[in-house]
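Take a look at the structure set out below.
Just so it is clear, none of the values below were taken in a lab; they were calculated from the coordinates. All figures in this text were calculated on a predicted structure; none of them were measured in a lab. Quick reminder, even Gly has a Cβ in these numbers, built from the backbone with ideal geometry, and neighbours come from all protein chains shown.
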Amino acid sequence: MSESVYKVIELVGTSTASWEDAAKNAVETASKSLKDLRVAEITKLDMKVEGGKVTAFRSRVKLSFKYAT
């Protein structure tokens, strides 16, 4: 079995619909420039509030990807 090395980065995705969509947006955007994505972990959820109303959902995501060998 070969050994692997992974990098973990932190992203914040946003959505006007839901936390799930915000997390999905973060991962899908990262996948356009990063290869071999492995695990996404939601570390924090929050909302943007304007005028007493929720205007956006935000998901902080830790995302790992494999370094090429």
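The table for this structure:
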{"read-out": "Single match in Asp21, Asp46 (criterion: without any contact (Cβ under 8 Å) to a residue 24 or more places away in the chain and either among the hydrophobic types (A, V, I, L, M, F, W, C) or surrounded by 12 or more Cβ atoms within 10 Å (Cβ to Cβ) (or both))", "value": "Asp46"}
{"read-out": "Condition check for Leu63: in contact (Cβ under 8 Å) with a residue 40 or more places away in the chain and either under 10 Å from the mean Cα position of the chain (by Cα) or surrounded by 11 or more Cβ atoms within 10 Å (Cβ to Cβ) (or both)", "value": "yes"}
{"read-out": "Complete set of residues in segment 20-69 that are basic (Lys, Arg), over 15 Å from Tyr6 (Cβ atoms) and out of contact with any strand residue (DSSP E or B) (no Cβ under 6 Å at 6 or more places or on another chain)", "value": "Lys24, Lys32, Lys53"}
{"read-out": "Scan of segment 49-60 for residues that are without any contact (Cβ under 8 Å) to a residue 24 or more places away in the chain and surrounded by 12 or more Cβ atoms within 10 Å (Cβ to Cβ), ordered by number", "value": "none"}
{"read-out": "Those residues of segment 18-50 which are small (Gly, Ala, Ser) and touching a Phe, Trp or Tyr at 6+ places or on another chain (Cβ under 7 Å), in sequence order", "value": "Ser18, Ala22"}
{"read-out": "Selection from segment 25-60 of residues that are part of a helix (DSSP H, G or I) and touching a Gly at 6+ places or on another chain (Cβ under 7 Å)", "value": "Asn25, Ala26"}
